[in-house]
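These notes are about the structure you will find just below.
The values are calculated or read from the model by the stated rules, or taken from the named source; none is laboratory data. All figures in this text were calculated on a predicted structure; none of them were measured in a lab. Please note: Cβ atoms are built from the backbone with ideal geometry, for glycine as well, and neighbour counts cover all protein chains shown. For the accessible areas, the whole protein counts, side chains as well, though only heavy atoms, and no ligand, DNA or RNA atoms are used. Shrake-Rupley method; radii C 1.70, N 1.55, O 1.52, S 1.80 Å.
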Amino acid sequence: MAMVHTGDVGLHVQRLPPTGGRPAIATAVLLHGLLTDSLASYYFTLAPAFAAAGVDVVMYDHRGHGRSERPATGYGLDTFVTDLEALLDRLELAGPVHLVGNSFGGTVAFGYAVRRPQRVAGLAVIESEPATVGWAHKLRGLLGRVEAELSENETEVLAWIAANRGPHTARLSRSAARLVRATTITREIPASRVLSEDRIRSVRCPVLAVYGAESDLAVQGMWLSSLLPDCRVRLVPRCEHSVLVEAPGVCRELILPWIEEHRAVTGAGAELR
Amino acid sequence: MSTSEQTGTIHADDGAVLADVAGMLRVILDEYGPDDTEIGMDTTFTGDLELESIDLVTLAGELQARYGDRVNFAEFVADMDLEEIIALTVGRLVTHVVMCLNSPENSPEAG
């Protein structure tokens, strides 16, 4: 396990270099979603195929998640974006990279693309949207409900999840409950600074937006295409929010050729194993 | 190595690799507190040991540290979906590791 200290927090990083020791055709940084998610969602889905296709793959656990450190405070969206920026600096990945973000990971990726446009070769987001007033409102409701349910009857909630969603989801939920209990994440994320439409329009790099056709978020695709100069939207049939886990093969087939199409010359970066 | 070394080659068997993998799993499980679950070939990572998927990433790192490039967990699971991965048994992984270690490509002579 590789821990990279940004100066503020220790982040758990996994890197899969191109297989066979060949030069990388691109560098892809994969960002996972909130609470029950971790870099494992990529490690077992997109990452091996990306590495086999010659992509240098960087995955990390957001602060508070997976095996990264879990500070008590510091969970506003800007802090997650700063973590990404500091991580790329530490890994000496100064050249433009492709960002792949699932759900909240895509929101972080959008934030970084707005802050450091010259360092992003492309943005592929799955079931995601940039941080807007509407996004913050939605997250306030969602995270508020999670916190209320866990504070009122955590034992019953976790038992229901174990019985109805299986032991793995139950284990993930127990970790998420620890994160909610021990930190200010549920209050800080909805209070994050959001982006104006003008700032979102400043994202000029190619964007690929993937949604489950049955997801409430799918309408975001139309809105993004109306704002961004180079945005391709793809809907995955019969999927809702968990597209990456439910249809990893489809995600691979959509994102990998898109990265190959928009490959950028990048530095090799610091060695990390 | 707990795998047995023979003249010019390294021969791995199920028992030795199971002991290695069980040792790695004990270290991971210790993070969750005392646990005396018996680890055998039929033990499932998620159902019996209640591991999270991120624990399997840690296990992949331990396998890499122990066996080097001869065993690649990410490639092993590359064709599985997440449900299949979390339903994996210890035995299926052990069999895979033994096959990799005993592969002619991984013998010292193969360079």
Exercise. Has the range A:143-158 got any residue that is open to solvent by 50 Å² or more (accessible area, probe 1.4 Å) and not in a helix (DSSP H, G or I)?
Worked result: no
Seminar exercise, completed: Only one of (1) modelled with pLDDT of 95 or more; (2) outside any helix (DSSP H, G or I); (3) open to solvent by 40 Å² or more (accessible area, probe 1.4 Å); (4) not acidic (Asp, Glu) does not apply to A:VAL265, and that is (1)
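In the set A:ARG171, A:ARG193, A:ARG178, which member is away from chain B (no Cβ under 14 Å) and either modelled with pLDDT under 95 or surrounded by fewer than 18 Cβ atoms within 10 Å (Cβ to Cβ) (or both)?
A:ARG193 is the lone residue from the list that is away from chain B (no Cβ under 14 Å) and either modelled with pLDDT under 95 or surrounded by fewer than 18 Cβ atoms within 10 Å (Cβ to Cβ) (or both).
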Problem set entry | Matching residues, the range A:180-197, being assigned to a helix (DSSP H, G or I) and among the polar types (S, T, N, Q) | A:THR186
Seminar exercise, completed: Considering residues that are in contact with a Pro (Cβ under 8 Å, 6 or more places away or on another chain) and open to solvent by 20 Å² or more (accessible area, probe 1.4 Å), the number found within the range B:17-51 is 2
For this session: Could you list, in sequence order, all residues of the range A:1-18 that are within 14 Å of chain B (Cβ to nearest Cβ) and open to solvent by less than 50 Å² (accessible area, probe 1.4 Å)?
Result: A:ALA2, A:LEU11, A:HIS12, A:VAL13, A:GLN14, A:ARG15, A:LEU16, A:PRO18
Exercise. Got at least one residue in the range A:207-221 being crowded, with 19+ Cβ neighbours inside 10 Å, over 24 Å from A:HIS98 (Cα atoms) and at pLDDT 95 or above?
Worked result: no
Exercise. Taking only pairs six or more apart or across chains, which ones have beta-carbon atoms under 9 Å, a first residue in the range A:47-67 that is closer than 13 Å to A:ALA26 by Cα and at the interface with chain B (Cβ under 7 Å from one of its Cβ atoms), and a second residue that is of a type in the set (Lys, Arg) and open to solvent by 10 Å² or more (accessible area, probe 1.4 Å)?
Worked result: none
Exercise. Which number in (1) at pLDDT 95 or above; (2) under 30 Å from B:GLU83 (Cβ atoms); (3) out of contact with any helix residue (DSSP H, G or I) (no Cβ under 6 Å at 6 or more places or on another chain) marks the one condition that A:VAL233 misses?
Worked result: (3)
Problem set entry | For A:THR79: the one exception among (1) on the phi < 0 side of the Ramachandran plot; (2) open to solvent by less than 10 Å² (accessible area, probe 1.4 Å) | (2)
Seminar exercise, completed: Here the residues within the range B:52-84 that are crowded, with 19+ Cβ neighbours inside 10 Å and within 7 Å of chain A (Cβ to nearest Cβ) are B:GLU52, B:SER53, B:ILE54, B:LEU56, B:VAL57, B:THR58, B:ALA74, B:VAL77, B:LEU82
For this session: Could you tell me whether any residue of the range A:165-179 is of a type in the set (Lys, Arg), in contact with a Lys or Arg (Cβ under 9 Å, 6 or more places away or on another chain) and assigned to a helix (DSSP H, G or I)?
Result: yes
Exercise. Of all residues in the range A:19-37 being within 13 Å of chain B (Cβ to nearest Cβ) and free of Cβ contacts under 8 Å to residues at least 60 places away in the same chain, which is surrounded by the most Cβ atoms within 10 Å (Cβ to Cβ)?
Worked result: A:THR19
